[in-house]
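To keep things clear, I will list the structure first and then write my remarks on it.
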Amino acid sequence: MISRFTRRTFLKSTAVTAVSAGLPRFAAAQGNTIRIGFLAPLTGPVAAWGKPGLDGCMIWAERINAAGGIKLADGSYQVEFVSYDNEYDPAKARTGATKLIREDGASFIMMLGGDTWPGVQPVADRTGMLFSTLLPSDLSPDTTTLIAPAEVHPIYNVTGVEWLAENRPELQTAVICAQDDALGLPSIATYLAAFEAAGIEMQDDPLLFDPATTDFAPVVTRLISKSPDIVCLDTCYSDYVHPICEQLFQQGYKGQIISCTADFYDQIIAKTSREFMEGFVFQFPDFDDPALNADHINFVDPNGFYAEYNKRHPGQWGAVSWEYASIMDLWKAAAEKAGSADPDAVAAAMKEGGKGEHAFGTADWWGTELFGIDNALVGDWPVVAIEDGKATIKEFRSIPAWYAKHGDLLIKHMTAYDQMWNQRG
């Protein structure tokens, strides 16, 4: 296994504390520009959950700046994104956070999170900078300046399993695989809870593979050895989902596939077939979907955003292409409400009243039972299936409604995998 830092060992590092010492608490707007930090993997195996999001933010910034910018108490400001490639490495993430605050004057920093957050947390604690993550599993009572306002990974995965169980009741058995890391483990716990709630039998323990794996033939052979009705790909990176699907196709699997993501699914179809990928269930829509034009959707002009994105970056639309931009919608609204880019003021305005305008509808700031702090914006989430080669939203389902019925199962499985906030340290 590749070595990884744990939260506990990283937070005890005196070197981290020394690096973050002396940083300004936050940077005010610079001249007539507000700088936003983008601290995520832009290269490497996790880049699919970083780089497309930065591309989306550039489109968002152009739209906002063309409309007059961000309007604060002392005037209007243009917005500029400053990026740092952390390569999904905690030490590089720490260095990047320091640079974005000290040298670039960022007023807010967005992250993917996961294994990189332990490297950044001491910097956040020292400076009071407001950070966002796409992984609420990063949250704990100690992460007071970390918010999860867009993606609620991994708990939205329950909606896909719930929908599948209701619409394909003949599917009674499942297997699951994932890379052994901070993205894979909490997602496994979530899928296990969802399958148990749906009465779907797990044929074997989850198959955890080394993140350095490149040959997925033996993984898939073992995975389908008992002919499961459902193969679950958990929150595997796109660099894993693609070869796993190819192997499932080549080894003759005919059952149902469910996954957190299906980034660049057109490439998977090209390497398998439309028939093989028909009915593939996942959680992230294309933004040309007509369902996103409903009144409850809070993302501005999703169809136009999707068209512009694909014009500039053909074939690169993925799970995070819209998410960081959606976070910026919330940040902008909060900053304008507060009249300030100050992190404390923005955070207070964003969480005022306990609700927020999530991309898929009004949602609640939630999480104390699971994360120890109400810093995740949780509401409805779409269930998506591939139909005739195209991602299609089948339904929006309520995460809080599922949790109200089955929260004890989620806590049970999170505890079994040491993913509760008080276990993570």
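Residues in region 391-410 that are surrounded by fewer than 17 Cβ atoms within 10 Å (Cβ to Cβ), part of a helix (DSSP H, G or I) and under 20 Å from the mean Cα position of the chain (by Cα): 400 alone.
Going by the structure shown, is residue 341 among the hydrophobic types (A, V, I, L, M, F, W, C) and touching a Phe, Trp or Tyr at 6+ places or on another chain (Cβ under 9 Å)? Here the answer is yes, as residue 341 does meet what is asked.
If you go through region 164-197 and keep only what is part of a helix (DSSP H, G or I) and farther than 22 Å from residue 116 by Cα, you end up with 164, 165, 166, 167, 191, 192, 193, 194, 195, 196, 197. Within region 222-258, the set of residues being within 25 Å of residue 181 (Cα to Cα), surrounded by fewer than 19 Cβ atoms within 10 Å (Cβ to Cβ) and among the small types (Gly, Ala, Ser) comprises 225 only. Taking residue 284, is it in the same structural domain as residue 187 (by TED's automatic domain parsing), under 19 Å from residue 48 (Cα atoms) and either more than 22 Å from the chain's Cα centre (by Cα) or among the aromatic types (Phe, Trp, Tyr) (or both)? Yes; evaluated as a whole, the condition is true for this residue. Within region 177-224, the set of residues being within 25 Å of residue 47 (Cα to Cα) and among the aromatic types (Phe, Trp, Tyr) comprises 191, 209, 216. Given the structure, is residue 46 within 16 Å of residue 329 (Cβ to Cβ), touching a residue at least 24 places away in the same chain (Cβ under 8 Å) and aliphatic (A, V, I, L, M)? Against the criterion (within 16 Å of residue 329 (Cβ to Cβ), touching a residue at least 24 places away in the same chain (Cβ under 8 Å) and aliphatic (A, V, I, L, M)), residue 46 does not qualify. Selection within region 200-226: residues that are more than 22 Å from the chain's Cα centre (by Cα) and touching a residue at least 40 places away in the same chain (Cβ under 8 Å). The member of this set that is nearest to residue 50 (Cα to Cα) is 219. Residues of region 90-109 being more than 11 Å from residue 123 (Cβ to Cβ) and among the hydroxyl-bearing types (Ser, Thr, Tyr), which ones? Selection gives 107 alone. Determine whether region 203-225 contains at least one residue that is among the β-branched types (Val, Ile, Thr), touching a strand residue (DSSP E or B) at 6+ places or on another chain (Cβ under 6 Å), farther than 29 Å from residue 328 by Cβ and not in a helix (DSSP H, G or I). For region 203-225, residues among the β-branched types (Val, Ile, Thr), touching a strand residue (DSSP E or B) at 6+ places or on another chain (Cβ under 6 Å), farther than 29 Å from residue 328 by Cβ and not in a helix (DSSP H, G or I): absent. Looking at the structure I just gave you, is residue 114 crowded, with 24+ Cβ neighbours inside 10 Å, farther than 28 Å from residue 308 by Cα and either aromatic (Phe, Trp, Tyr) or at pLDDT 95 or above (or both)? So residue 114 does not fit the description; no. Of the numbered criteria (1) closer than 18 Å to residue 417 by Cβ; (2) out of contact with any Asp or Glu (no Cβ under 8 Å at 6 or more places or on another chain), the one residue 188 fails is (2).
The values are calculated or read from the model by the stated rules, or taken from the named source; none is laboratory data. Just so it is clear, the structure is predicted and the values come from calculations on it, not from any experiment. Methodologically, a virtual Cβ is constructed for each residue, glycine included, from the backbone with ideal geometry; neighbour enumeration extends over all protein chains shown.
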